[in-house]
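Since every read-out is calculated from the coordinates, none of them should be taken as a lab result. Everything numeric in this text was worked out from a predicted model, so none of it was measured. Here the Cβ positions follow ideal geometry from the backbone for every residue, glycine too, while neighbour counts run over all protein chains shown.
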Amino acid sequence: MKETNMELTAEEKEILEGKKGETLRKVMETIVRFGQAFGAHRLIPLTHRPHLVTSFGANSIKPYYAILNELIASGLKTFDLFTVDPRPFDYENVPVTLIEKILFSFIFGKQKDYEQQLKKLGLESEEAFTCACYLPEVGNIPHRGDILAWSESSAVVYANSVIGARTNRNSAGIDIMCNIVGKAPEYGLLTDEGRQADWLIELKTKKLPNAQILGSAIGLKVVEEVPYITGLSEYLGSELKPEVLDYLKDMGAASASNGAVGLYHVENLTPEARDFGRKLLKPDIKTYVIDDVELERVYQSYPLLWKKPARKPFLCFIGCPHLSLNQIEQWVNRLEEELQKRRLKKTPVPVILCSAPGVIKEFKKNAPTGFKEKGIRLTAICPLMYMNNPLCARKPIVTNSNKLRTYSTARFFPDEEIIRVIFEGLQ
Amino acid sequence: MNKILKGRVIVAGNLKGEALVSHKGFNTLASFQKSLVTRAKIARCSDQDNKDLYQKVITGKILCLPQTIGSTTGGMVILTVARMGLHPAAMLFSKPIDSLAAAGIIMTDVWLNKKIITLDSLGDDFLQTVKSGQQLEINEEGEVRILDS
């Protein structure tokens, strides 16, 4: 590459000159040019394990596999063991027809080969496939102030906002390259300035809003900028208790997928907002007031992508991003209560609860037996990957996930409504 | 009279070609998803939410856009469509480039040795001025000339 205006260490310069091999030179050139595009002055060391976004062995992404093969052939690995997003299919727990199975085999024909590549590059284990790597049962949990190069958008926004670690919203490819070098260009959300809020979000609802719709409203308004949310701690309190973490996880994922939010602050609640309060607001702050009317407007604005809106739902996906242990327990209890109330043995619409392998394992230790026969299934897949093909996209699938709604044909309902849809269908 | 705008050079090059204008964020995965799955020879935009581009040919065009949006697989999608020959010839950003597009464009240059000519920070006025179908001329210094039709 031509000369760089970044301040590189002697070792980084040597790598860039190709003294440690051509492949590592290309890795370094990619990172340095990427950093330059954002005005980064230097690379800074990563202090916590990677999490990668690309978990699916799609036939179409051959150039990516070629890059990984080149990295492997040069003996390169990530600086620490990594977790990665969920696998795309689970024939045992998520129903597919023979034709769909053939289609999955075609679309994700490289899954086994790709997982072999991941193992060689530093995959932690067979159970490391989840988008919610920060859950206690998974254990890829950064500390406040850690520097990361993560890419899964829901994990990025959680790490930045709820934990107070620092990562940019990296693309697939850049994630693995930064984690091979063990460094990231210092810009954006890695800097104090980049973590200042551009938007003041004034929440003025009469009760705690649905996390998925609130996150969606914020994401659609601020897109990639940083919001500072007031009024929410009146309902959530000022402690990061398990149910609050669940709420923030789902709100953040919706803001990251409906927009491109990488960091939010909640007044009196999230770590940086607790420490710095409104000093986090930029001088030229923009304001967005969210009340019940605004949330209803956002909810009603979602396009319905089904050709026949009154069709009986084929299945219901809960858990995008993956559910916490607390959330699985709540959903199973809620569904069982509803079955008892309605004197039913099975849910009329199958319910697929998605979570991390480690969380599912933990849940099963004390789980009630026979919930599968009741129409409730547990899986560790990514429902997005399941739906991203022409056959599954035609199925009338409902979800409580605003992220899944955004990237697929799934129809969104808030928690309170989706229970009714599961048991009574669509009128 | 031809109008000239100046941007910041991300990947330099000289090119004359046809503009394709997206006034809203370009969702990379949604736009190329159908072409990737069907292994099309030419990519047509499959993002139903993008009224400017839906079903229009992207391959070989000078894509004029504010930024890219959507899944963080976006960079890898750009790399893949470039390898398949489905990529736009150039990408002209009215705003500063976003991290997903930058990743894809730089990885394509470094790892595939293929250039998608790229300028950013052309200004909001750029997308108000340029129209789909117009001929544009780009030079290595980062100048964009909108040629009279």
*Taking the Cβ of each residue in B:45, A:178 as the centre, tally the other Cβ atoms inside 10 Å and list the residues starting with the fewest.*
B:45, A:178
*Collect residues whose amide H, placed 1.01 Å from N in the peptide plane, falls under 5 Å from the amide H of residue A:223; neighbours closer than 5 in sequence don't count.*
A:260
*How big is the gap, in Å, between the Cα center of segment B:33-49 and the Cα center of segment A:367-403?*
26 Å
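Across chain B, where is the longest run that never hits GluC sites (Glu not before Pro) in a DSSP loop with at most 13 other C-beta atoms within 10 Å?
Numbers: sites that count: B:140, B:141.
Counting only loop sites that pass the neighbour cut-off, the longest clear stretch is B:1-139.
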*Positive-end extreme of charge dipole, the protein assembly as shown - chosen from B:121, B:46, A:262 (charges on Cβ)*: B:46
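About the Cα centre of chain A, how large is the charge dipole given +1 on each Lys and Arg Cβ and -1 on each Asp and Glu Cβ? Please answer in debye to the nearest 20. Mind showing how you got there, number by number?
Details: 56 positive and 53 negative charges, 319 e Å.
Dipole of chain A, to the nearest 20 debye: 1520 debye.
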*asked:* Counting only other chains, and only Cβ atoms inside 10 Å, what mean value do you get across the residues of B:110-123?
replied: 2
*Lys/Arg Cβ at +1, Asp/Glu Cβ at -1, dipole of the protein assembly as shown taken about the Cα centre: which of B:81, A:349, B:130 is farthest positive-ward?*
A:349
*Excluding residue A:371 itself, what net charge comes from residues whose Cβ is under 9 Å from its Cβ, given Lys and Arg +1 and Asp and Glu -1?*
+1
*Neighbouring partner chain Cβ atoms per residue of A:60-68, average, 10 Å criterion*: 6
*How far apart, in nm, are the 7 Å Cα→Cβ label points at residue A:191 and residue A:144?*
2.4 nm
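Which of the three applies to chain A, rounded, prolate or oblate, going by the alpha-carbon gyration tensor with a ≥ b ≥ c and a/c under 1.5 meaning rounded?
Numbers: a/c = 1.97, a/b = 1.28, b/c = 1.54.
Since a/c reaches 1.5 but b/c is at least a/b, the shape of chain A is classed as oblate.
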*If each Cα of segment A:359-427 is one equal point scatterer, what is log10 of I(q)/I(0) from the Debye formula at q = 0.12, 0.27 Å⁻¹?*
-0.41, -1.19
*Taking chain B as a Gaussian network, Cα atoms linked when under 10 Å apart, which of B:95, B:51, B:115 shows the biggest mean-square fluctuation?*
B:51
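Evaluate peptide A:168-180: per residue, the Cβ atoms of other protein chains within 10 Å of its Cβ; return the mean as an integer. If you can, show how the numbers build up before the last one.
Details: counts 1, 4, 5, 20, 12, 15, 10, 4, 0, 4, 0, 0, 0.
Mean inter-chain Cβ contacts per residue within 10 Å come to 6.
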_Let me make sure I get this right: for segment A:195-300, a, b and c are the square roots of the gyration tensor eigenvalues over alpha carbons, sorted descending. Under 1.5 in a/c it's rounded, otherwise prolate if a/b > b/c, else oblate. Which is it?_
rounded
*Who wins for biggest fluctuation among A:67, A:318, A:218 in a Gaussian network model of chain A, springs between alpha carbons below 10 Å?*
A:67
*Any idea how far the Cα center of segment A:29-75 sits from the one of segment A:133-152, in Å?*
18 Å
_Just to be sure I understand: with springs between alpha-carbon atoms less than 10 Å apart, which residue in B:30, B:89, B:40 has the highest mean-square fluctuation in the Gaussian network model of chain B?_
B:40
*Sort A:89, A:314 so that the residue with the fewest other Cβ atoms within 10 Å of its own Cβ comes first and the one with the most comes last.*
A:314, A:89
*asked:* Can you pull out the GluC sites (Glu not before Pro) in segment A:363-427 whose DSSP state is coil and whose Cβ has at most 11 other Cβ atoms within 10 Å?
replied: A:373
*Gyration tensor (alpha-carbon) shape descriptor, segment A:61-134, a/c threshold 1.5*: oblate
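Across segment A:195-300, how many lysine pairs separated by 8 or more positions, or lying on different chains, have Cα atoms within less than 20 Å? Kindly include the intermediate steps, with their values, before the conclusion.
Values: A:204/A:221; A:204/A:286; A:207/A:241; A:207/A:249; A:221/A:249; A:221/A:282; A:221/A:286; A:241/A:249.
Lysine pairs meeting both conditions in segment A:195-300 amount to 8.
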*For residue A:110, list the lysines whose Cα falls under 17 Å from its own Cα; do not include residues on the same chain fewer than 8 positions away.*
A:62, A:101, A:119, A:120
*For the pair residue B:3 and residue A:344, how long in nm is the line joining their label points, each one 7 Å along Cα→Cβ?*
5.8 nm
_In whole Hz and in residue order, list the ³J(HN,Hα) couplings for segment A:122-129 that follow from phi through the Karplus curve 6.51 cos²θ - 1.76 cosθ + 1.60, θ = phi - 60°; x for Gly and Pro._
x, 4, 5, 6, 5, 9, 8, 9
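Just subtract the alpha-carbon distance of residue A:97 and residue A:65 from 0.36 nm times their residue separation and send over the number in nm, one decimal.
Details: separation 32, 0.36 × 32 = 11.52 nm, distance 2.88 nm.
Full-extension gain reported as 8.6 nm.
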*What number comes out for the charge environment of residue B:93, summing +1 per Lys or Arg and -1 per Asp or Glu over other residues with Cβ under 12 Å away?*
-1
